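Just so it is clear, none of the values below were taken in a lab; they were calculated from the coordinates. Quantities reported herein were computed from a predicted structural model and do not represent experimental measurements. Ideal geometry is used to build each Cβ from the backbone, glycine not excepted, and the neighbour counts take in all protein chains shown.
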Amino acid sequence: MTTPRNDTEELVQIRRELHEHPELGLEEVWTSDYVAEKLTALGYEVTRGLGKTGVVATLKSGNGGKSIGIRADFDALPIHEETGKPYASKIPGNMHACGHDGHTTMLLGAARSIAERRNFDGTVHLIFQPAEENFGGARLMMEDGLFERFPCDAVFGLHNEPLLPFGQFALRDGPIMAAVDEARIVVRGVGGHGAHPEDTVDPVVAASSIVLALQSIVSRNISAQDPSVITIGAIHGGSASNVIPETVELTIGIRSFDPDIRDQLEQRIREVAEFQAKSYGAVAEIEYERSYPPTVNHTAETDYVRKLATGFAGAENVVDLDRPFMGSEDFSYFLEKVPGTYFFLGARSGPEDKALHHPGYDFNDDLLPIGAAFWTELVESYLPAN
Ligand code: NI
């Protein structure tokens, strides 16, 4: 029995409707209603409110005890859209610039064919997740009992990637995305007149020294074999050329894979900031927040997707990534608890394509029937009907 392709026109219409209504993390009220309504109409048992706006749609068939979870994220970004498309964002300042509108549509498409065909034996949980971009909606859904209330033998998730060839499945056993942490450092000095620095403790000079010293951590303390990144993404302080400010604030993004390296980065950032500041007579107040863990795929589930994708798209359209990405993803929380795998689906349409998070990015609608059909096939093969 082959998987029927979805009604592409309907999927495109859904995707563009979602695209017009981009909502930021934990504010996806319209989106959550929209998704829940469609799933209810398809006959799913719909549970709402996990992670505030998250939706879980459950469908059982036969007597099988196995279960599968498939996740789509549905939040947008605080970006002002510049695609000029007729279905561009109707919410100024918000935009589906990461294709989560497409991920959600593909899973809705799969929801329809899975329900209509009923060609499986077991339990399907379709997980529509909020706040991937900021608040870790995956973790919030888990804190609301996601896997206790909806036990899954395995979980699967994908992300479109306009840098990869169209229709290509890019997989990786083990780490595929980095851990990300954030540090906020307030360098506190003593402000005063710009003409009399000797009467002040200049936090601008101290902060500048911290910025440069932080560059030595990855290059001098961490092995070249262990990928890690420290980016000072923001530096704010002062207001005029003749005023030495009281404080300067640094915001730092930290990425890594290995848990020991992650600890070491935190320790060194604290030490460097504290002692650099001290050497100028200033004080560094450090807030350090652990965010998403690394996304580490499980071998058996990755092998499963590789085999299925090879049959689905041909061996020439399935690749194993030789290295992970330094970006991050909160699907990592799921994979800490449940076996599964996260992979990329190539979305490239041509040289005009914009990268994810670019104000000119748009999800490639040609992927919709492919994603929907693949998820359907995954469910039907993972939970085979007798
Ligand atoms: Ni994304």
- Item | 5 angstrom amide H check on D75, placed H, neighbours 5+ away | A131, E132
- What does the charge count near G281 come to, summing +1 for each Lys or Arg and -1 for each Asp or Glu among other residues with Cβ under 14 Å from its Cβ? -3
- Determine by what factor the alpha-carbon radius of gyration of segment 179-290 differs from 2.2 N^0.38 Å, reporting the quotient. 1.13
- Message: Quick check on the chain: of the DSSP beta bridges with both residues there, what percent are antiparallel, nearest 5%?
- Response: 70 percent
- Query: What is the spin-label model distance, in nm, from A195 to D303 if the labels are put 7 Å beyond Cα along the C-beta direction?
  - Reply: 7.7 nm
- Note on the structure: Expected sort for 344-357, 105-118, 85-98 on mean C-beta neighbours within 10 Å, highest first, is 105-118, 85-98, 344-357
- Message: Ignoring everything except DSSP H segments at least 4 long, calculate the 222 nm mean residue ellipticity for the chain; use -39,500 (n - 2.57) per segment, divide by total residues, nearest 500.
- Response: -10500 deg cm²/dmol
- Log entry: pair-distance distribution for segment 44-170, C-alpha pairs binned every 5 Å from zero, whole % per bin is 2, 10, 18, 20, 19, 15, 10, 5, 2, 0, 0
- Using only the Cα atoms, what convex hull volume per residue in Å³ does the chain have? 151 Å³
- Message: Within 10 Å of each candidate Cβ there may be at most 16 other Cβ atoms; applying that plus a DSSP loop requirement, which trypsin sites (Lys or Arg not before Pro) in segment 1-84 survive?
- Response: R5, K66
- Stretched fully, the stretch from M326 through F147 gains (0.36 nm per residue minus C-alpha distance, one decimal, in nm) 61.7 nm
- Message: Are there DSSP H segments in the chain that both extend 15 Å or more along their axis (alpha-carbon positions) and score a mean Kyte-Doolittle hydropathy of at least 0.0? List them, or say none.
- Response: 29-41, 203-216, 368-382
- Taking R0 as 51 Å, what's the FRET efficiency between S241 and K337 from their Cβ-Cβ distance, rounded to 0.05? 0.40
- Message: Just want to confirm a number: the relative contact order over segment 214-301, from Cα pairs under 8 angstrom separated by 6+ residues, in percent.
- Response: 24 percent
- Message: Quick query: amide H of V318 versus all other amide H atoms, modeled in the peptide plane; which residues come in under 5 Å with a sequence gap of 5 or more or a different chain?
- Response: F169
- Take every Cα pair under 8 Å in the chain that's 6+ residues apart, average their separations, divide by the length, and report that relative contact order as a whole percent. 26 percent
- Task: Calculate, for R118 and E37, the FRET efficiency according to 1/(1 + (r/R0)^6) with r their C-beta to C-beta distance and R0 30 Å; round to the nearest 0.05.
- Result: 0.90
- Message: Compute the distance from the alpha-carbon center of segment 11-67 to that of segment 146-199, in whole Å.
- Response: 25 Å
- Quick one: which residues, 5 or more positions from G64 or on another chain, have an amide H under 5 Å from its amide H? H modelled 1.01 Å from N in the peptide plane, none for Pro or chain starts. G122
- Message: Please report, in whole Å³, the volume per residue of the convex hull around the C-alpha atoms of segment 93-164.
- Response: 130 Å³
